[in-house]
1. Just one of A:338, A:334 is modelled with pLDDT under 85, crowded, with 22+ Cβ neighbours inside 10 Å and in contact with a strand residue (DSSP E or B) (Cβ under 9 Å, 6 or more places away or on another chain); which is it?
2. Look at the range A:292-319 and say how many of its residues are outside any loop (DSSP other than H, G, I, E, B) and either touching a Phe, Trp or Tyr at 6+ places or on another chain (Cβ under 9 Å) or surrounded by fewer than 19 Cβ atoms within 10 Å (Cβ to Cβ) (or both).
3. Among the numbered criteria (1) open to solvent by 40 Å² or more (accessible area, probe 1.4 Å); (2) not in a helix (DSSP H, G or I), which single criterion is violated by residue B:179?
4. Name the one entry in A:249, A:188, A:193, A:261 that is surrounded by fewer than 24 Cβ atoms within 10 Å (Cβ to Cβ), among the hydroxyl-bearing types (Ser, Thr, Tyr) and touching a helix residue (DSSP H, G or I) at 6+ places or on another chain (Cβ under 6 Å).
5. Where residues in the range B:276-303 are farther than 17 Å from residue B:109 by Cα and not aromatic (Phe, Trp, Tyr), which of them is surrounded by the fewest Cβ atoms within 10 Å (Cβ to Cβ)?
6. Would you check which residues across the range A:27-58 are closer than 21 Å to residue A:203 by Cα and either surrounded by fewer than 22 Cβ atoms within 10 Å (Cβ to Cβ) or near ligand 1 (Cβ under 8 Å from one of its atoms) (or both) and list them?
7. Of everything in the range A:295-320 that's in contact (Cβ under 8 Å) with a residue 40 or more places away in the chain and over 18 Å from residue A:251 (Cβ atoms), which residue is nearest to ligand 3 (Cβ to nearest atom)?
8. Within the group A:43, A:20, A:30, which residue is of a type in the set (A, V, I, L, M, F, W, C) and either touching a Pro at 6+ places or on another chain (Cβ under 7 Å) or under 16 Å from residue A:77 (Cβ atoms) (or both)?
Amino acid sequence: MNESQEPALRVTDLRTYFPVRSKGLFPKTVGQVKAVDGVSFSVQPGQTLGLVGESGCGKSTTGRSVLRLIERTSGRIEFDGLDVTEMSSREMVPIRRKAAMIFQDPYNALNPRHTVGAIIGAPFAVQGVKPPGGVRKAVQELMERVGLNPEHYNRYPAEFSGGQRQRIGIARAVALKPKFIVCDEPVSALDVSIQAQVINLLRDLQDDFGIAYLFIAHDLAVVRQIAHHVAVMYLGQVMELATREDLYSRPLHPYTHALLSAIPIPDPRAQRQREHIMLSGDLPSPAAPPSGCVFHTRCFQAQDICAVEKPEIIEFEPGHKVACHFPIVEFLGTAPITGLDPGLTKQTGAAGEDRGSNDLIREIGTDYGAAPNTPIDPGPAIWR
Amino acid sequence: MVKVALIDGPDSLTGSEVASRSLRKIVWTRLRRDKLAMVCLFILIALYLIAIFAPVICGLLGVDPYSFDKESISDSGGGPVGTWGGISTEHPLGVEWGTGRDIFAQLLYGLRISLLIATTATILTVFFGTVLGIISGYAGGKTDAVIGRTMDLILAFPFLLIILAMSGVLTQRLTALGVPDGNPSRITYLIIVLSIFGWPYLARIVRGQVLSVREREFVEASIAMGASRYRILFKEILPNLWAPILVYATLTLPTYVGTEAALSFLGVGVLPPDTSFGGMLGNSVSYFSVVPSYLFIPGVVLVVLVVTFNLVGDAVRDALDPRAGRV
Ligand SMILES: Nc1ncnc2c1ncn2[C@@H]1O[C@H](COP(=O)(O)OP(=O)(O)OP(=O)(O)O)[C@@H](O)[C@H]1O
Ligand code: SF4
Ligand SMILES: [Mg+2]
């Protein structure tokens, strides 16, 4: 892989706010839901960026804003080095060949009134692409490629199971060999036994066609199986961004630690011994995000400064970004990273601390979840 | 290239039965299983055929709705000679009071005009209601507001009063526009007013459905592909609206037959010697105590028409349900 290559997708300081309107005869905009609030990342060709976070943290909004399916508030979006941010929907039409989307709900994402053939053939029809040998042949090849029986060309979605429908959605997404695909929780609605098959299929297609994925999921266990890099989101902001190896073995952000501790470990003994970090309190509303660090209301590391000053996302180590005043560094307790009053620094190893002990950190640092099926080359650092 | 296993565990579908089926075929297969619906469908088709071939049928039976038969009515008072309103081999359903015109022939010709008006008006209603409802629901904003207020305005109109009051002026206007004078103009007028006052009801239903269908992700998938607005509205969304539209159409058509009958009764409909159900019912009321069959015959056909249409509509809706069991 070539460092100088343009990323398949680059997003810079993306913000998407939804207006909150008052009820009544003359609705007025009374506030904003900051669904996405200053998110930057890029995805290299043929690689996967996993985007993880709790429900409602703005993952789908990020994915949809990136594809210009909803209007962003500010920020820049580039496909393959081409700035698409200001393009009209008409100008976007040819660009949409390069980018596709796979949806979470395989029941809603396929038109129940169209045959599978029409659904997978739609990108050809919409984009006016005439594959050699005809659309029907191309569609049947795609069906075979994603593991569907090509003879089921004339069937309707209702005649397929959830996993098969997701395969139909995948075939449609890869039909025109796009440069990248936004996968919005593509396996969350599927049985666990089928999840792995679909993830393997996505990986195979990535290898074959060199597609880049923005892979959205709400748990780190799924992302681990496919992502080269992982971004952890909380309330519309990226908390941590790292290679898969770094994120799972040396997480820096308290929120990432909390998410990782929620992944079950197959070994029941280890599972029992491991300390679970329970986040206190509820997820705050993105309409009224907390001051300072958005995570401070639930953070077990929080100090006074956290409620006041927002931690900027910085490159803590080469290729490992984090937005936290007190990132958790393995064996070293927490280290202040901005020019803070040293008195604020919390010594996690000190006696009498209720949470965040060295034991916990060591435990967290060792192993989260099952090993991935195959090792994935983390690739070059993708951010500047 | 890595081949993906065709096996999906418990998730797989047996690949043996391979069929090429269009939506129409699926609906038809399901409909055919519904005995009652099939009977109703048969009756409806029969009624339409009878209406279309009314002149042929009347010719074969040697009756016609226009000629007076002085023989069949009594000289004193003009009542039909014989029992049951003058039923005889010459006049299978009896004759009209006062003129001796054949009721069977009138019924067939009346059915013809009633179905012509109701069917044409239904087609127009469905067309405008669907198109404007889809646009209104999908576009939102100003377009939705303009269409919505227009619908409110039409629905708030005292419909009957307007139709009655405007009929003279507007029928003349139609004649001036080149529609032949007399009944052709009056029929056109009826079709137009029924459609104008009918489409907003369907448009409201369609708009409501569009508001929910457009939130389904396949619409977003279509946008993500770069689909045109036309494609999204009429290829993605419209096919999901067939069930309510067809049901509405099958309910509207018999209603229009009834409305047309009422309007004819009130004097806006077709003029003698032509007749429709409304005209016949209107005539028959005066003689009800003496010749009840004159009222009952068009009445029964009207009821049959309404009931069969409704039953077929229900069956079509069930057959169109994508969640219904596999065929
Ligand atoms: N169209 C909209 N109008 C107003 N608010 C919205 C809209 N879409 C999303 N939101 C709000 O924006 C926030 C982020 O939503 P989003 O769907 O992006 O979350 P998510 O991370 O994808 O969650 P999930 O895991 O449940 O899919 C939520 O608080 C949601 O209520
Ligand atoms: S900045 Fe403070 S509140 Fe925010 S994650 Fe870091 S320690 Fe927790
Ligand atoms: Mg989502």
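The values are calculated or read from the model by the stated rules, or taken from the named source; none is laboratory data. Because the structure is predicted, anything quoted here is derived from the model rather than measured. When we count neighbours, we look across all protein chains shown, and the Cβ atoms used for this are built from the backbone with ideal geometry, even at glycine. Surface accessibility is based on the protein's heavy atoms, side chains included, excluding ligands, DNA and RNA. Shrake-Rupley method; radii C 1.70, N 1.55, O 1.52, S 1.80 Å.
1. Values: A:338 fails: crowded, with 22+ Cβ neighbours inside 10 Å.
Answer to the check: A:334.
2. Matching residues across the range A:292-319 total 7.
3. So residue B:179 meets the others, but not (1).
4. On inspection, the qualifying residue turns out to be A:193.
5. Out of the qualifying residues, it is B:289.
6. Passing the criteria: A:42, A:45, A:46.
7. A:303
8. On the way: A:20 fails: either touching a Pro at 6+ places or on another chain (Cβ under 7 Å) or under 16 Å from residue A:77 (Cβ atoms) (or both); A:30 fails: either touching a Pro at 6+ places or on another chain (Cβ under 7 Å) or under 16 Å from residue A:77 (Cβ atoms) (or both).
The conditions single out A:43.
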